[in-house]
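> I'd like to ask some things about the structure below.
The values are calculated or read from the model by the stated rules, or taken from the named source; none is laboratory data. Here the structure is a predicted model, which means the values were calculated and not measured. Heads up, the Cβs are rebuilt from the backbone with ideal geometry, glycines too, and the neighbour counts pull from every protein chain shown. Heads up: the accessible areas ignore ligands, DNA and RNA and are worked out on the full protein's heavy atoms, side chains in. Shrake-Rupley method; radii C 1.70, N 1.55, O 1.52, S 1.80 Å.
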Amino acid sequence: MQPQWPARLWIARHGESAGNVARAAAMAARQAMIDIAERDVDVPLSPLGEQQSRALGRWFAEQPPEARPEIILASPYRRARHTAELIRAEALPELGPRGFILDERLREKEFGVLDRLTSHGISQRHPDQVEFRRILGKFYHRPPGGESWCDVILRLRSALDSLCLHHGGRRVLIVGHQVVVLCLRYLLEGLTEERILEIDREGDIANCGLTEYAFEPGGGEDGAMRLRRYNWTAPLEAGDTPVTAQPHGGAPR
């Protein structure tokens with residue numbers, strides 16, 4: 001019988017993007033809009049983001065074969081896809097198309113009318129949304145045309161079902177986005193709204209920060225995934241690669 005869960009699961013945020021850089025500049029200047037020419041799906045990695053992605057790939061390459069991913073699942077957004085491609089080039093050049101899968105369910109949280117706005121811009125242009133978010137809370141607030149955290153969780157439930165169905169017992173790396181990492185923690189660990197938002201408040205997930213789970217057969221009727229590392233940046237630090245942790249360009253998460 002095929003195991004329900006992967007044997008090992010790594011979840012990485014993409015490397016620093018041009019959106020991260022533009023957002024930091026806009027916030028520092030207290031501007032309303034983030035200067036990004038591309039639509040969100042097309043925002044590329046920054047040069048540092050490419051460096052971070054390669055550093056993480058080199059770290060995987062240094063691990064014994066039985067401690068490297070066999071499957072890579074990635075968000076189709078350019079910054080996540082490119083991160084995954086650079087990791088594959090460094091650590092898993094033999095990985096074929098069947099082992100490198102883009103899944104739109106791993107995409108960034110959609111911000112709707114708040115896309116490309118800083119917190120200053122949201123307060124100026126959509127004060128009603130600021131109030132709705134205060135009333136509903138970060139977890140449930142859905143901006144017009146966008147998603148709530150719950151919406152992201154709904155699609156990730158489906159993605160985890162597919163993961164278990166097709167890759168049970170394998171070693172899998174997921175490359176996605178900050179909210180995706182947090183929402184996967186919520187699902188894999190059975191966390192509450194309060195606990196996952198507490199984790200979120202503790203700090204942003206580093207670009208190419210690594211979260212790792214291992215399957216424990218004795219962790220319940222069907223076993224369980226146990227957290228081993230969260231937001232781990234040692235692979236970057238070991239390669240003298242700067243660590244960054246800016247939220248992506250767009251509305252507050």
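> State the percentage of accessible surface on the chain attributable to carbon and sulfur atoms; use a 1.4 Å probe and exclude ligands, DNA and RNA. Please report the intermediate quantities before stating the final value.
On the way: 5560 of 11300 Å².
Roughly 49 percent, rounded to a whole number.
> Same structure, new question: Express the accessible area of the chain per residue in Å², computed with a 1.4 Å probe while the remaining protein chains stay in the model.
Values: 11300 Å² over 253 residues.
Ligands and nucleic acids excluded, the result is 45 Å² per residue.
> Continuing with the same structure: With contacts defined as alpha carbon pairs under 8 Å and 6 or more residues apart, what's the relative contact order of the stretch 8-245 in percent?
Details: 418 pairs, mean separation 67.4, N = 238.
It comes to 28 percent, rounded to a whole number.
> Please calculate the 1.4 Å probe accessible area of M225, with all protein chains present, and give it to the nearest 10 Å².
Only protein atoms counted, so the area is about 10 Å².
> Further question on the same structure: Run the dipole for the chain about the Cα centre, Lys and Arg Cβ at +1, Asp and Glu Cβ at -1, nothing else charged, and hand back the magnitude in debye, nearest 20. Mind dumping the intermediate values first?
Values: 33 positive and 35 negative charges, 46 e Å.
For the chain, the charge dipole is close to 220 debye.
> Considering only G57, G219, G121, give the residue with the highest GNM mean-square fluctuation for the chain, with springs between Cα atoms whenever their separation is below 10 Å.
The residue that fluctuates most here is G219.
> Tell me the Kirkwood radius of the stretch 8-245: reciprocal of the mean inverse pair distance over distinct alpha-carbon atoms, in Å.
Details: mean 1/r = 0.0542 Å⁻¹.
Every distinct Cα pair counted, the radius reaches 18.5 Å.
> How far is helix 78-91 tilted off the main Cα axis of the chain, in degrees rounded to 10, range 0 to 90?
So the inclination is approximately 30 degrees.
> Where the only charges are on Cβ atoms (+1 Lys, Arg; -1 Asp, Glu), what is the dipole of the stretch 112-151 about its Cα centre, to the nearest 20 debye?
Values: 6 positive and 5 negative charges, 24 e Å.
My answer is approximately 120 debye.
> Related question: Can you tell me the 0 to 90 degree angle between the C-alpha axis of helix 178-189 and the longest principal axis of the chain, rounded to 10?
The two axes meet at around 50 degrees.
> Working from Cα positions, state the angle (0 to 90°, nearest 10) between the long axis of helix 47-62 and the longest principal axis of the chain.
20 degrees
> In addition: Just to be sure I understand: with springs between alpha-carbon atoms less than 10 Å apart, which residue in R201, R107, R78 has the highest mean-square fluctuation in the Gaussian network model of the chain?
Of the options given, R201 has the highest mean-square fluctuation.
> Output the relative contact order of the stretch 116-188, whole-number percent, from Cα pairs under 8 angstrom with separation of 6+ residues. Don't jump to the answer; show the numbers that get you there.
Values: 30 pairs, mean separation 16.4, N = 73.
Value for the stretch 116-188: 22 percent.
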